[in-house]
Structures are given as C-alpha cells and as structure tokens.
Amino acid sequence: MFTLEVTGKVATITIARGAKANAVPIDQWGELEKLVVRANVSAASLVVIRSGDGRDFCAGSDLSELNLLSTSGLLRRRFRGVMKSAFARIRAVNKPTIAVIDGRCMGTGLSIATACDIRVCGPNALFAITPARFGISYPKEDVERLAMLVGSGQAARLLYSCDTIDSAEAHRIGLVEIFDRSGQPGAGLIQNIVDNAASSLMTLKAGLIGRAGADQRFEDHFATGEFATRLDAYDRAKTRL
Amino acid sequence: MFTLEVTGKVATITIARGAKANAVPIDQWGELEKLVVRANVSAASLVVIRSGDGRDFCAGSDLSELNLLSTSGLLRRRFRGVMKSAFARIRAVNKPTIAVIDGRCMGTGLSIATACDIRVCGPNALFAITPARFGISYPKEDVERLAMLVGSGQAARLLYSCDTIDSAEAHRIGLVEIFDRSGQPGAGLIQNIVDNAASSLMTLKAGLIGRAGADQRFEDHFATGEFATRLDAYDRAKTRL
Amino acid sequence: MFTLEVTGKVATITIARGAKANAVPIDQWGELEKLVVRANVSAASLVVIRSGDGRDFCAGSDLSELNLLSTSGLLRRRFRGVMKSAFARIRAVNKPTIAVIDGRCMGTGLSIATACDIRVCGPNALFAITPARFGISYPKEDVERLAMLVGSGQAARLLYSCDTIDSAEAHRIGLVEIFDRSGQPGAGLIQNIVDNAASSLMTLKAGLIGRAGADQRFEDHFATGEFATRLDAYDRAKTRL
C-alpha cells in the first residue's frame, strides 16, 4: 500500500489503500519504514508523504485487525515495535520531510504526519485521535510529538475528547503549518524548498532535530563552492536590476 | 469556599466566594487540595474546576490578606507552600482535569486553570496576571506552566505588562483550548470525554504528564475486556449502517 | 550603526544603517553587545531594540561581506563567536527586553528579535530567514529560540522554504506577540510595563529565563517596601472609588 517515487529532487511516498481510507495493517508499517530508508539515501533533497489518490491521508491503524492483539503479548510488542521504528525513521530522515494532508488523518495516520517536519493541508482535511473511544491508548512518543506541536492542552483535548477537527482548526492550533487552498496542496511549498541548496536543507534539518555538530557545520558552509556560486548568482541578479 | 460534588462520571470542584470575586484566602489553598485528593480517588472519570455562581472563575489570592506576609518569613513560606502543594496536586490528578472559565481569571486563579489539562472559556472571560503591579512576583512553577501553554513570549507579555486579555485573545494565544459560545461552556467537551473509556483516559493522562510506564500500558490495553467490548460495539454499529 | 539612549525608565538601542536596510557588518556585532551590556547596568527598567528610522528593523548579516569568510576558518569562527555572544547577552539582560519591529526583519536580524523577551510589530513588517537560498545555514541557538517561539514545524517551514511572511502571519504563528496597528508600535506596551514595579520585572525575568533562586525571591518580595507602598496606594484608590 506504500510506494516510493523519486522525481528530480523530490522523493514521494504515497499511501494507497482506498477501500480502507488508507488504514495501515500491522505488517505494512515495516514496508513504510523500508521506503523511508530508501528515500533517505536517495538523491532527492526532500521527502513528501501523501495520499495516493488525494482523498484520505490515512485513517490510522486498521481496526479490523487489532482484535488479534488481545491474546498475544508477543504480537502486541511487535505491533508497538514496528510503529515506533517507522516513526523514528521518518523523524531521523536527513532532509526535509513534508506531510501533504487532505481528507481523513486519524490516530496513527496523524502520527505519520507529526513525525514529518512540516504539515500542509488542503480544505477537506479532518483530524482525530480516537483510541480512547475503543478503550486503548496512543503511543508515548506520538503523544510527545503531538504536544510539541500543539501544546499539552490541545493534545489533551484531542486525546481525551476524540473530537474531530477540520483544516481551519488544525491550522489555528498549529497541528498543520500551512493551510493551502490552492487546489494543489503543498506544491508551492515543495517548489520553494527544492529551489534552495540541498546542503543547507540537510544542515538545517540536523539542527532542528538536535543532531550534534550543527555549530561546526554552520561555519563550514561559508567555505563551500555552493555558497560562492549562489552568492555570485545573487550579486549578478542584483546588478542587473 | 470550595466544594466537591461527584455526579456520575464527573467530579466538580466549585469555587464560590462571590463578594470577593472568588479570591482565595491563604488558609483555603489547603481546602482546595483536600478536595482535589478526594476527587482523585473518587469513581469519577474526570475532574472539573469551575465557578460556583458562573460569574468570576477566580480573582487570585486575596490581596487584603497579603500585607500580613510582610513581617513573617514563616508565613510567607507557608503561603508559598500551600499554593505549590495545591497546584502540584491538581497537576498529578490521575484523570483528565478541566477548568471551565468565565468572568475574571487572575493571578493565582489562572494558576489553578493552568494546572488543569484543558481550559474552556465562555464569552465573558478576562485573564490577567498582575503581581508586577503590586511589587510582588509569580510562583516559579506557575510561570513555567504558563510559558508551556502560550510560549515564553506571551508569558513575558502577560507578566510584565499586567495586560488584561479577553476570551478571543486567550484562545488565540493558546491560554484556553476551547472558546465555547454555547451558553453552557464546557458541557459539550465534558460529555465527549466521559463517553470514552475511563481506563484510556487515565493512561493518556499518565502519558501527558510524563509518568513512567506509558509504553507498557499502551500494549496492555489491547488485552482488556474494555477494548473487546468497545470494538465489538463499534463493529455492530458499523454493520447496522 | 547602533546607539543607546536611556530616557527615564526606558533604555532604547536603535539600529540605523539605512542604505543597507540595517544589515549588520561583522565588526558591528561587538558594538551591539557593548550597548546591551551598558543597557543592562543602566537605571532603566526595560530595554527596547528598534530601528533608528522606523523603516526596516534589520536585514540580517551584510551579505556583501560574507564572501570574505570563504578563505579563513579563523574569520568564520570569529563571525560565529561575535553573533553568539551578542545574542546570549541580549538573552541574559536582567530586565524585560522588547523588539519593536516594522519593515524587513530577516535572518540574523530576526535573531536579534528572538533573543528579546517580547516582539511587537507594526503593519509593514516582513519576516524571512534565507540562508538556505545562499547555501549557508542558521546558528544553532537561533534555530532553537525560533522553534521555542513558533514550534518546530513553523521553524522548519521558515528555514527550509525561505518564505517571507507578513505581520498577520507572524502574529498568527507566535513569531510576534503583539501586532500593534496604532501608528506607534510598542508605545502602549512599553508604558504598561514601566508603570509596574522594576523589582518585580527583574524577578519575573529571572524566572522566565530559568535563573536559580526565583522561588526564594517570590517570598522575599512580600517583605519589601515596594510591596507595602503599592498595596497601600491600591487600597486608597479603591476607597476613593
């Protein structure tokens, strides 16, 4: 249900399981992780995660399977493990990661989005985290990423109430950074990012996720050919004006 | 001035001292703490703190008493201690806590609200933190909880300027999560929460306040009867559609 | 290009280099730091940083100089060092610091603003962080201060895309605390702050930047003459009503 395509500077992972609103079966989390690993080492300078058909982003874990977990501690541990590993891998991608969201974005589907650096949504997005409705819970790191984005108060409100919120409210509380009504959500942002220096993007990403060495890399950039070339192009453009 | 009532799944602590806009005398912080302890061990699945008469939430510490503090270091230490203990107890309640706010919510009255997980306000709420106007300060943990909710910049603005902000601005900056214009602020949110599984709410709360063991509890929920029952009810409802 | 003026309770540092949109040459960061040190020990009770001519706040580092950095590791280290030192000094000022922003506020110019406690902007402010456009990066602590204010998602969006945002969007995402359309941005806020007790402001600042001892200072304030005087004035004003 996950596929990866690298076109120019953009690696796109699509989620496609239309009949189930892109809900993820247990054994597919490992597939997502594999594609994230491939996108990470690809020549692309950013990674996009989006719906294959543009309708629902992802309805979360496939509920119809979760009753299997009731009798096996091993299976429960495995379920927890594959999700945790996939989200950690998205988080650690060494270049910008962007979730482009429209339609339903629920539960662990929203966890995919919060593992990315930036979230863009279209006008029909709907967000909810509903484990409390089913007598279950939400992974620790996913709670933490959610609270980092929207604050602990809005995290509590979403988790306790299972309320569904729309694009405008998600944008208002900071669950998505950009509410894009253009008809092609994310296209403008992606273009603006890939126009910039890929080496800069990787250093900025390292800084944003707190990797060591960001200070030294800040200094080193001034000695690169990329800086010389881009500064020169900028000076020429100014002179022509 | 504080009372506790448990009705069904909801424990409600009311604040009522109308002539003083619900300002709290020094010796009443311990009473608040006692009720919080009782609410915590009650059968309720969430705790609401609200005004008894629906006008002011709480005007903070009763200023008319605070001159007593000038001559006694012991009394100052006691004042600091009882407030700190009450707020810590609210923070540590093992189920969702919701402040329902209308009218004035000032100083340490706002500290009661920020110690809760979620804040809902009605249309007439007014928020301010005014110790700097009186040559005093605001407790360390209360500054930290405020900054966690609204950011250090808005915390600085409120603390330095003593500006009063209304419901709309409080909602905009994240000081309240929900601005409820329904005439019954909080009623909808509270209903949505108590419809969910109490065991889920307690695990989510543990995760939100960073208690250890949230990971293991995430897995354990799948083995509970509550999960089986709720999943079954969900499947039947779907089949009937 | 930087000047300091102390008038009554307000220390104002102005940035003035109009032909370059107030861009900062390498050797001027040390000058800024010196003025911040003087403002810190002045009799003022708050420090304002603003544009000298009221047009651009600060366009960041002077790009026309940065090619000098390509051949000298020593010069790069010095550049990094003087900026880091200046921002740390602003951060550590022992009283409230306010950036009043209109016009362009870019790159390390925005770093000056994020080092302050509060940001107020007028209607013509424009914000952008564009190092990725030039193949360079943004200092580690500046990324952290940015992410503290607007969240890691909006920080990523600004840093990766180099998008320019206006006053309304900066206000919406929390990059500025107050969008002041009054024609005299910041004047109202500054007046409200200096009306309050200078000793309170210093204790609150210590708490906001996490200095030790805030707890003890909270208690000690009740024993000060400032508290007695201000409480007395408040009681008299109430009685007159």
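The values are calculated or read from the model by the stated rules, or taken from the named source; none is laboratory data. These numbers were taken from a predicted model, which means no experiment stands behind them. FYI the Cβ positions are ideal-geometry reconstructions off the backbone, even for glycines, and counts take in every protein chain you see.
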Worksheet, complete the sentence: Of the residues in segment A:117-137 that are crowded, with 24+ Cβ neighbours inside 10 Å and farther than 28 Å from B:T224 by Cα, the one that is farthest from the chain's Cα centre (by Cα) is A:A125
Practice prompt. Consider A:L208 carefully, then state whether it is aliphatic (A, V, I, L, M), in contact (Cβ under 8 Å) with a residue 60 or more places away in the chain and more than 12 Å from C:R133 (Cβ to Cβ).
Written response: yes
Practice prompt. Restricting attention to strands (runs of 3 or more DSSP E) lying wholly within segment C:1-86, give those where 1 or more residues are exposed (fewer than 14 other Cβ atoms within 10 Å of the Cβ).
Written response: C:2-7
Worksheet item: For segment B:102-128, what are the residues that are farther than 14 Å from B:F87 by Cβ and out of contact with any strand residue (DSSP E or B) (no Cβ under 6 Å at 6 or more places or on another chain)?
Response: B:D102, B:G103, B:G122, B:P123, B:N124
Item to complete: Would you check if C:S152 is touching a helix residue (DSSP H, G or I) at 6+ places or on another chain (Cβ under 9 Å), part of a loop (DSSP other than H, G, I, E, B), facing another protein chain (nearest Cβ under 9 Å) and small (G, A, S)?
Response: no
Practice prompt. Filter segment B:206-229 down to the residues that are at the interface with chain A (Cβ under 8 Å from one of its Cβ atoms) and closer than 18 Å to B:P96 by Cβ, then identify the one that is surrounded by the fewest Cβ atoms within 10 Å (Cβ to Cβ).
Written response: B:E226
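Yes or no, residue by residue, for (1) more than 21 Å from B:G18 (Cβ to Cβ); (2) at pLDDT below 95:
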{"site": "B:L68", "(1), (2)": "yes, yes"}
{"site": "B:M106", "(1), (2)": "no, no"}
{"site": "B:I112", "(1), (2)": "no, no"}
{"site": "B:L126", "(1), (2)": "no, no"}
{"site": "B:G135", "(1), (2)": "yes, no"}
Item to complete: Starting from segment C:54-71, keep only residues that are under 16 Å from C:S111 (Cα atoms), then list their pairs with residues that are part of a helix (DSSP H, G or I) and of a type in the set (D, E) whose Cβ atoms are within a distance under 9 Å, requiring at least 6 positions of separation or different chains.
Response: C:L63/A:D235
Item to complete: Could you grab me the full set of residues in segment B:206-224 that are under 17 Å from A:R145 (Cα atoms) and touching a Phe, Trp or Tyr at 6+ places or on another chain (Cβ under 8 Å)?
Response: B:G207, B:F218
Discussion item. Step by step: first the residues of segment B:95-118, then only those that are out of contact with any helix residue (DSSP H, G or I) (no Cβ under 9 Å at 6 or more places or on another chain) and of a type in the set (A, V, I, L, M), then the one that is nearest to the other protein chains (Cβ to nearest Cβ). Which residue is that?
Written reply: B:A113
Discussion item. What's the number of the only condition in (1) more than 7 Å from every other protein chain (Cβ to nearest Cβ); (2) crowded, with 20+ Cβ neighbours inside 10 Å; (3) at pLDDT below 95 that B:S167 fails to meet?
Written reply: (3)
Worksheet item: Are any residues in segment A:119-149 touching a residue at least 40 places away in the same chain (Cβ under 8 Å), of a type in the set (D, E, K, R) and within 7 Å of another protein chain (Cβ to nearest Cβ), and if so, which ones?
Response: A:R119
Worksheet item: Which one of these does C:G73 not meet: (1) touching a Lys or Arg at 6+ places or on another chain (Cβ under 9 Å); (2) over 24 Å from C:A43 (Cβ atoms)?
Response: (1)
Fill in: Test: residue in segment C:54-65 that is modelled with pLDDT under 95, away from chain A (no Cβ under 14 Å), farther than 16 Å from C:S137 by Cβ and more than 12 Å from the chain's Cα centre (by Cα)
yes
Discussion item. So A:A92 ticks every box in (1) surrounded by 22 or more Cβ atoms within 10 Å (Cβ to Cβ); (2) away from chain B (no Cβ under 14 Å) but one. Which box is left unticked?
Written reply: (1)
Discussion item. Checking the conditions here, which among A:Q184, A:Q216 is assigned by TED's automatic domain parsing to the domain that holds A:D53 and out of contact with any helix residue (DSSP H, G or I) (no Cβ under 6 Å at 6 or more places or on another chain)?
Written reply: A:Q184
